[in-house]
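Below: one structure, written as structure tokens.
The values are calculated or read from the model by the stated rules, or taken from the named source; none is laboratory data. Computed from a predicted model, the values in this text were never measured in an experiment. With ideal geometry, Cβ positions are generated from the backbone for all residues, glycine too; neighbour counts draw on all protein chains shown. Ligands, DNA and RNA are stripped out before the accessible areas are found, and what is left, the full protein with its side chains, is counted by its heavy atoms. Shrake-Rupley method; radii C 1.70, N 1.55, O 1.52, S 1.80 Å.
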Amino acid sequence: MVATQEVTTTDGARRGRRGPGRRRASRASRGDATGTGPARAVAGTPGSWVLPQAPLVVVLALGAAVRATTAPTVASGVELVAAHALGLAAALVLAVLAQRWGTWRWLSAAAVLPLAVGPAQVDAAGRGVLEPALVLCAAAVPAAALWTARSGLLASVGALAAALAASVLLLALSPGGDRGPLALLQPFAGPRVDDVGALVGAAATPPVTTETVVAAVGALLALAAVLGLGRARPSASRRVAGALVVVPALVAAGLLVDGVTPAAALPAPALLPVAGALGLTALLRGRRGRRSGPVPADDVDRAALADLHARHPELLTTGLPPVAVVIAAYDEAPGIGAVLAGLPEEVCGLRTAVVVVDDGSTDGTAEAVAASGRALAVACPVNRGQGAALRLGYRVAREHGARYVVTTDADGQYDVADVPAVLAPVLAGEADFVSGSRRLGRQHTRDRVRRTGVHVFAWVVSAVSGTWVTDTSFGLRAMRADLTGVVTLRQPQYQSSELMLGVLSHGYRVREVPATMRVRSAGASKKGKNLVYGSRYARVVLGTWWREGLLSPADDVAPALRRG
């Protein structure tokens, strides 16, 4: 059995809906038994949830450690433990709410750090359970109301009204005056200030602390998202960011109804950083870039397709077999004949057709393909690059009935014996996209710079996608044919990283299998020297990452927007 490395998106079953103007049909966006749209991976083991939550676990553990070493002001014993537990529970609630609306896990953990370890929050717990209870209430009520987007605006209004009511209730527990049966809870309350003018005067020049700076930045980011700046306009998460900005104000308003307590300002440094995290997510990841989406056929594509149909009219009636092997060729006449001769006519029990896109060759590549009798030649009148040639080959395969696409190069670097290994997981429904990996298998090149580059770019793609991959530029791949019509493919040359990042961005299941990469059998590389190749490849990686919403729009991955 061939060893494989499975690479799935860390968000599991991800897509719920898209922002306005970019929604797909629900079946195509969620995937289903018909095979249309991305098939999703579902996390089913405790480790699949716990491990990605490591940043949040670290923050909560740090908060517990800091709180355990801080001397209490008034509270002690069970009351002190309960007060600290309420504070950490509020941090957990807010972090989970941010994640449900598409915020990165590390960013949601960072956003609750002031709540977990901030001096103001820790000191409040030292005074008793009432103030931490106020913060937890201010966090839990909107979290419950905004857990999903199904209630829309009504849920947001309900959350704000509930926060105001909760603040008034907690005010009733504060010292001062007879408050009926609730007076029994007054020993748990913090100090109360009835001289509003004195308190306001003291607050006129508040000390600038890290907590206040972070809260102010969070409020600004949230308001920028609410105004629809950046990529935030289509994102549903900006509504949640706005709610978390208003809630602290309503809590303070409720506490000001009958005198002033220092607790009035306590929810702000707890909620505003989380509002900022949601706002930043919407600003950067509210939608994909405007250049994302399937690339329509251009004049060169249409001319090549018309020529293909004129030479092979049977394609319009009989189409292609289930598997199409797509090869882009540019001035590969010396070696392409041997490559075509080695390709099997049947893979994993399915008939195959070979589609060679001659990308404006001038050395007789088209004649060599015709002489082989093994391939269907698609002739481009001009040279546009390997990426554009493969995009055209995908279109030919997809629009003429092929269900699966395999790609390889025309230079003989990839072992055709590895074709069944890359195709089998797709046929079995275990993956949507499978790439060979020279790091899992073997590579014969002695170019140390190129070998190092494979490691470096694998690390970069793993970092920006949150998914571990070992080889981003391997040319032997297999995929579902419909996938090629969903992923954005604009790169004319360095297309391999764009394809892999696009596949990961759309939530398709990705797998790598060991494969062999040999030295070229003939000709020379068209990709440039090492420095040029590396710089252009890096530009494609980062450009694709930015265009696809770092690496997926928040509304695509937010569990709160998931339907069904």
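A few notes on this one:
- About the centre of its Cα atoms, the range 375-502 shows a dipole size close to 300 debye [charges on the beta carbon of Lys, Arg (+1) and Asp, Glu (-1) only; nearest 20 debye].
- For Glu548, the residues whose modelled amide H falls within less than 5 Å of its own, excluding neighbours fewer than 5 places apart on the same chain, are Gly289.
- Virtual spin-label span in nm between His444 and Val58, 7 Å along Cα→Cβ: 4.4 nm
- Euclidean distance between Cα centres, the range 347-363 to the range 46-125, Å: 57 Å
- In plain terms, the chain from Ala297 to Val213 could stretch by 25.1 nm, reckoned as 0.36 nm per residue minus the Cα-Cα distance.
- Estimated vicinal HN-Hα couplings, Hz - the range 247-252 in sequence order (Karplus 6.51, -1.76, 1.60; Gly, Pro = x): 4, x, 5, 5, 4, 4
- Karplus-derived 3J(HN,Hα), 6.51/-1.76/1.60, for each residue of the range 55-61, Hz, glycine and proline x: x, 5, 4, 4, 4, 5, 5
- Annotation: Cα Rg of the range 58-117 relative to the compact-globule expectation 2.2 N^0.38 Å equals 1.20.
- Averaged over residues, the count of other Cβ atoms within 10 Å places the peptides 375-384, 471-480, 357-366 in the sequence 471-480, 357-366, 375-384, highest first.
- Evaluating 6.51 cos²θ - 1.76 cosθ + 1.60 at θ = phi - 60° for every residue in the range 276-292, the Karplus couplings come out as x, 4, 5, x, 4, 4, 5, 5, 8, 10, x, 7, 6, x, 5, 8, 7 Hz, glycine and proline recorded as x.
- In loop segments of the range 103-152 as defined by DSSP, the trypsin sites (Lys or Arg not before Pro) with at most 12 further C-beta atoms inside 10 Å of their C-beta are Arg150.
- The fraction of accessible area contributed by carbon and sulfur in the range 332-434 is 51 percent, rounded to a whole number (1.4 Å probe; ligands and nucleic acids excluded).
- For Val357, residues with placed amide H under 5 Å, excluding near neighbours: Ile327, Ala328, Ala329, Val378
- Gyration tensor verdict on the range 363-449 (Cα atoms; rounded if a/c is under 1.5, prolate if a/b is larger than b/c, oblate otherwise): oblate
- Theoretical FRET efficiency, 1/(1+(r/R0)^6), r = Cβ-Cβ of Arg351 and Ala68, R0 56 Å, to 0.05: 0.25
- Potential lengthening between Leu220 and Glu430 on full extension [0.36 nm per residue; Cα-Cα distance subtracted]: 71.1 nm
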